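To start, the structure itself, in structure tokens.
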Amino acid sequence: MWISRGEMVVPKLIYKGAEAEIYLEDWHGDLAVRKTRLTKPYRIRELDDAIRLARTSHEGGMMHEVRKLGVPVPAIRHIDPETSTIIMDFIKGPTLKVELLEIEMPTRRVRCRSLGRLVGELHDGGAVHGDLTISNVLSENGKLFLIDFGLSDFSDEIEDRGVDLLLLNRAMKSTHYSFHGALFKAFMSGYSRVVGKRRSSQILQKMREIEQRGRYFERG
């Protein structure tokens with residue numbers, strides 16, 4: 001069940017991480033999400049302010065650019081540089097991680113193909129997410145939205161695209177192990193339709209190379 005303003009007192013803390021706190025709040029009569037980057041007491045105050053401002057501005061800018069590529073992301077309502085805060089639309093739906101546990105396999109495949117197309121559009125437009133997991137995808141009545149662009153950037157490197165795919169593949173495997181293979185296959189089907197079979201094969205091969213490098217260093 002998802003939250004409506006009548007069911008709670010806002011603002012309401014919905015996530016607290018090492019880098020940011022996320023609140024659900026009233027924004028001019030609508031529910032919105034407020035993401036505020038946390039201060040780091042171990043840093044010099046001026047340096048901390050500069051880092052948080054730079055990261056907030058970067059994330060807001062990337063969300064704007066990604067949205068221009070046609071990739072669904074929450075619309076930004078306001079950026080407050082003094083508090084390193086982004087206020088954005090509230091997407092009323094679960095994470096894809098949660099939804100995949102609640103729906104049947106045919107619908108799971110549909111969702112993952114849709115995600116493949118979105119990530120394909122992201123990569124085809126020259127951007128990479130940097131933290132691509134099924135926890136950073138929201139599903140509102142079947143429409144998917146990418147969130148959390150703090151590590152995103154523009155890149156032409158096939159390696160960066162391979163890292164995105166590897167992060168997603170690992171996330172699927174760790175939380176949905178019994179049907180992970182079908183999910184990732186459906187994802188790659190949607191992905192290749194956007195970036196092309198040859199390019200998607202190259203990126204998939206790069207993903208496997210990165211994974212093998214990681215295993216080598218783990219053994220060493």
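Out of all the residues in the stretch 159-169, which are under 25 Å from GLU21 (Cα atoms) and open to solvent by 30 Å² or more (accessible area, probe 1.4 Å)? Answer for the stretch 159-169, where residues must be under 25 Å from GLU21 (Cα atoms) and open to solvent by 30 Å² or more (accessible area, probe 1.4 Å): just LEU167. Residues of the stretch 20-34 that are among the charged types (D, E, K, R) and either open to solvent by less than 30 Å² (accessible area, probe 1.4 Å) or out of contact with any strand residue (DSSP E or B) (no Cβ under 9 Å at 6 or more places or on another chain) (or both): GLU25 alone. Under the condition of being within 20 Å of VAL195 (Cβ to Cβ) and either open to solvent by less than 30 Å² (accessible area, probe 1.4 Å) or in contact with a Lys or Arg (Cβ under 8 Å, 6 or more places away or on another chain) (or both), the residues counted in the stretch 97-112 number 1. Return the residues of the stretch 35-72 that are surrounded by 15 or more Cβ atoms within 10 Å (Cβ to Cβ), more than 16 Å from the chain's Cα centre (by Cα) and outside any helix (DSSP H, G or I); say none if nothing qualifies. THR36, ARG37, listed by residue number.
Within the stretch 152-175, the set of residues being of a type outside the set (A, V, I, L, M, F, W, C) and touching a residue at least 60 places away in the same chain (Cβ under 8 Å) comprises SER152, ASP153, THR175.
Filter the stretch 140-158 down to the residues that are open to solvent by 60 Å² or more (accessible area, probe 1.4 Å) and either over 15 Å from the mean Cα position of the chain (by Cα) or not charged (D, E, K, R) (or both) and list them by number. Hits for the stretch 140-158 are ASN141, LEU151, PHE154, ASP156, GLU157. Looking for something under 15 Å from ILE147 (Cβ atoms), acidic (Asp, Glu), modelled with pLDDT of 95 or more and touching a helix residue (DSSP H, G or I) at 6+ places or on another chain (Cβ under 9 Å) - is there at least one such residue anywhere in the stretch 76-98? No, the stretch 76-98 contains no residue that is under 15 Å from ILE147 (Cβ atoms), acidic (Asp, Glu), modelled with pLDDT of 95 or more and touching a helix residue (DSSP H, G or I) at 6+ places or on another chain (Cβ under 9 Å).
Would you check if GLU121 is in contact with a Leu (Cβ under 7 Å, 6 or more places away or on another chain), of a type in the set (Asp, Glu) and closer than 23 Å to SER200 by Cβ?
yes
The values are calculated or read from the model by the stated rules, or taken from the named source; none is laboratory data. Since the model is a prediction, treat every value here as computed from it, not as a measurement. Cβ: placed from backbone, ideal geometry, glycine included. Neighbour counts: every protein chain shown. The accessibility values were calculated without ligands, DNA or RNA, using every heavy atom of the protein model including side chains. Shrake-Rupley method; radii C 1.70, N 1.55, O 1.52, S 1.80 Å.
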